[in-house]
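For reference, the structure discussed in these notes is given below.
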Amino acid sequence: MLHKHVKYDSLITKITNKDLLFIGDYTLDPYQNCEFGCKYCDSSLDETIYIKTNAVQLLEEEIGKIEKGIIIVGSVHDPYQEIEKECRITRNLLEIIKEHDFPCHILTKSNLILRDIDILSKISKCLVTVSITTLDENTCNIFEENVPSSKERLQVVEKLSESGIKSGLAIMPILPFIVEGELEDIVKAASKHKADYILHKHLELKGDQKTVFLKALEKFNPSLINRYEELYKDSYMPNQEYSLKIKNILEKLCVEYNLKDRI
């Protein structure tokens with residue numbers, strides 16, 4: 001993995017359409033691209049990680065010029081990938097967010113976020129959503145081999161909740177014909193580990209991302225290739241019938257295990 005330090009012209013992006021999933025008003029990403037290498041994510045297609053060396057300066061300049069609103073940290077690229085241990089850009093950005101009394105919503109797969117509990121607990125309105133795809137580690141090793149284990153991610157949710165930081169789990173993306181049989185186990189585990197809510201989103205397959213994912217799928221279970229081709233026929237999204245079925249299942253499970261299905 002190659003790392004490049006680059007100066008950018010801007011950091012904060014205004015969300016123009018209402019964000020119903022993550023309820024954000026602005027986004028920022030401390031890094032461009034991601035080291036985790038998840039086979040379903042286009043952030044992993046480029047093996048060069050661009051480190052936004054002037055991110056702290058940019059945020060200090062920009063945050064005073066915008067109206068109060070929720071800043072999503074890590075909207076596209078994980079803000080707690082391995083290089084953050086060295087660069088600490090995300091931590092420094094959170095300090096600024098805290099000082100300016102802005103709410104934030106952090107999206108991550110990493111247990112490195114626990115390092116920053118001291119800051120997160122002082123942000124007036126802080127949300128953390130930890131994403132997971134499966135509880136099965138063999139499946140994880142195929143599709144997201146460089147990410148902390150599902151068990152570790154569940155523990156992150158629990159530790160954040162115990163520290164008074166509202167946190168939830170995102171089953172994201174839903175891997176068709178792979179995860180359905182364990183949806184109840186995931187929701188049950190989320191409840192056990194004190195998650196406040198469950199979010200979910202379908203798997204999108206387009207361009208080079210689709211090629212990479214299908215190659216991993218062939219390694220995992222080649223018999224699923226034809227089923228995926230049928231499910232995603234003429235679209236980068238699964239057909240509406242399948243998506244609605246998963247939505248209904250998760251809504252019922254959230255009621256059963258006393259979890260919200262939205263923030």
Write out, first by first residue and then by second, each pair whose Cβ atoms fall under 7 Å of each other, whose residues are 6+ apart or on separate chains, and whose first residue, in segment 228-244, is free of Cβ contacts under 8 Å to residues at least 60 places away in the same chain while the second is among the charged types (D, E, K, R).
-> TYR236/GLU204; TYR236/LYS206; MET237/GLU204
Matching residues in segment 132-162 (out of contact with any Asp or Glu (no Cβ under 9 Å at 6 or more places or on another chain), touching a residue at least 40 places away in the same chain (Cβ under 8 Å) and open to solvent by 50 Å² or more (accessible area, probe 1.4 Å)) number 4
Go through the residues of segment 197-220 one by one and say whether even a single one is under 15 Å from ASP136 (Cα atoms), open to solvent by 50 Å² or more (accessible area, probe 1.4 Å), assigned to a helix (DSSP H, G or I) and among the charged types (D, E, K, R).
-> no
Can you find a residue in segment 173-191 that is touching a strand residue (DSSP E or B) at 6+ places or on another chain (Cβ under 8 Å), within 16 Å of TYR80 (Cα to Cα) and open to solvent by less than 20 Å² (accessible area, probe 1.4 Å)?
-> no
Name the single residue, out of those in segment 38-86 being more than 23 Å from ASP9 (Cβ to Cβ) and among the hydroxyl-bearing types (Ser, Thr, Tyr), that is nearest to the chain's Cα centre (by Cα).
-> TYR80
Residue by residue through segment 89-107, note down the ones that are of a type in the set (A, V, I, L, M) and outside any helix (DSSP H, G or I).
-> ILE106, LEU107
Only one of GLU47, GLU35 that is touching a residue at least 60 places away in the same chain (Cβ under 8 Å), surrounded by fewer than 21 Cβ atoms within 10 Å (Cβ to Cβ) and of a type in the set (Asp, Glu) = GLU35
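The values are calculated or read from the model by the stated rules, or taken from the named source; none is laboratory data. Remember, it's a predicted structure, so these values are computed and weren't measured experimentally. Quick reminder, even Gly has a Cβ in these numbers, built from the backbone with ideal geometry, and neighbours come from all protein chains shown. With ligands, DNA and RNA removed, areas are computed over all heavy atoms of the protein, side chains included. Shrake-Rupley method; radii C 1.70, N 1.55, O 1.52, S 1.80 Å.
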